[in-house]
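Participant: Have a look at this one before I ask anything.
The values are calculated or read from the model by the stated rules, or taken from the named source; none is laboratory data. Given the structure is predicted, the values throughout are model-derived calculations rather than measurements. Here Cβ is always computed from backbone atoms with ideal geometry, including for glycine, and neighbour counts include all displayed protein chains.
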Amino acid sequence: MHTLQAPYARTTASRVRSGEPNAELMFVGEGPGADEDIQGEPFVGRAGQLLTKIIEAMGMTRADVYIANVIKCRPPQNRNPEPDEVEQCEPFLFRQIATIKPKVIVALGKFAAQSLLKTTEPITRLRGREYKYRDAILMPTYHPAFLLRNPSSKREVWEDMKRVRAILAGE
Ligand code: URA
């Protein structure tokens with residue numbers, strides 16, 4: 001069993017979110033990387049800068065939205081989180097969702113989408129569809145880190161974000 005003990009506990013457990021507590025739109029990523037660990041904020045590295053651009057292209061700023069991760073601490077050596085670590089972190093994310101009560105949750109990438117939807121379906125199958133998630137609509141889309149490696153997929157993410165904008169506008 002992995003527990004939140006050293007060395008895991010020495011990572012940045014408190015650095016779990018950024019943004020507006022009344023946000024209607026919430027983004028959920030995988031977990032903090034090295035840049036997030038240093039700066040103490042989610043999505044501030046290269047992938048985060050792309051996420052900022054996506055948010056701005058939607059006509060919003062980072063201050064208008066709420067950004068969280070499934071995993072709250074950076075696993076040692078940046079390895080993939082183990083299932084029991086996801087299990088330990090999930091209650092915090094569930095509480096964040098219950099507190100913020102977003103209208104739309106965008107799950108960024110396979111890890112967030114599969115964790116929230118409790119499925120092993122690939123992100124290519126999950127994205128482009130809307131899911132009822134508690135009182136919100138969940139839209140899985142590609143992770144910005146994937147877009148950095150596959151810029152041609154930006155078009156699909158933009159389609160997803162246009163749909164998110166429409167849902168937020170009540171359409
Ligand atoms: N990738 C994520 O999934 N989350 C972050 O906070 C940064 C990069």
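Participant: Limited to segment 124-145, what total is found for residues that are part of a helix (DSSP H, G or I) and away from the ligand (no atom under 13 Å from the Cβ)?
Facilitator: 3
Participant: Might you let me know whether segment 115-126 holds any residue that is surrounded by 19 or more Cβ atoms within 10 Å (Cβ to Cβ), out of contact with any Pro (no Cβ under 8 Å at 6 or more places or on another chain) and closer than 19 Å to Gly48 by Cα?
Facilitator: No, that holds for no residue.
One line per residue, one yes/no per condition, for (1) surrounded by 24 or more Cβ atoms within 10 Å (Cβ to Cβ); (2) more than 12 Å from the ligand (Cβ to nearest atom); (3) farther than 23 Å from Glu156 by Cβ:
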{"site": "Met26", "(1), (2), (3)": "yes, yes, no"}
{"site": "Glu36", "(1), (2), (3)": "no, no, yes"}
{"site": "Gln39", "(1), (2), (3)": "no, no, yes"}
{"site": "Arg46", "(1), (2), (3)": "no, no, no"}
{"site": "Leu50", "(1), (2), (3)": "no, no, no"}
{"site": "Ala57", "(1), (2), (3)": "no, yes, no"}
{"site": "Met60", "(1), (2), (3)": "no, yes, no"}
{"site": "Asn69", "(1), (2), (3)": "yes, no, no"}
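Here's the yes/no breakdown for (1) of a type in the set (A, V, I, L, M); (2) in contact (Cβ under 8 Å) with a residue 40 or more places away in the chain:
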| site | (1), (2) |
| --- | --- |
| Gly128 | no, no |
| Tyr131 | no, no |
| Leu138 | yes, no |
| Phe146 | no, no |
| Arg149 | no, no |
| Met161 | yes, yes |
| Val164 | yes, yes |
| Glu171 | no, no |
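Participant: Considering Ser18, Ser14, which residue is in contact with a Pro (Cβ under 7 Å, 6 or more places away or on another chain), hydroxyl-bearing (Ser, Thr, Tyr) and either at pLDDT below 70 or outside any loop (DSSP other than H, G, I, E, B) (or both)?
Facilitator: Details: Ser14 fails: in contact with a Pro (Cβ under 7 Å, 6 or more places away or on another chain).
Being in contact with a Pro (Cβ under 7 Å, 6 or more places away or on another chain), hydroxyl-bearing (Ser, Thr, Tyr) and either at pLDDT below 70 or outside any loop (DSSP other than H, G, I, E, B) (or both) holds for just one of Ser18, Ser14, which is Ser18.
Participant: Is it true that some residue in segment 40-63 is touching a Lys or Arg at 6+ places or on another chain (Cβ under 9 Å), modelled with pLDDT under 95 and small (Gly, Ala, Ser)?
Facilitator: Yes - at least one qualifying residue is present in segment 40-63.
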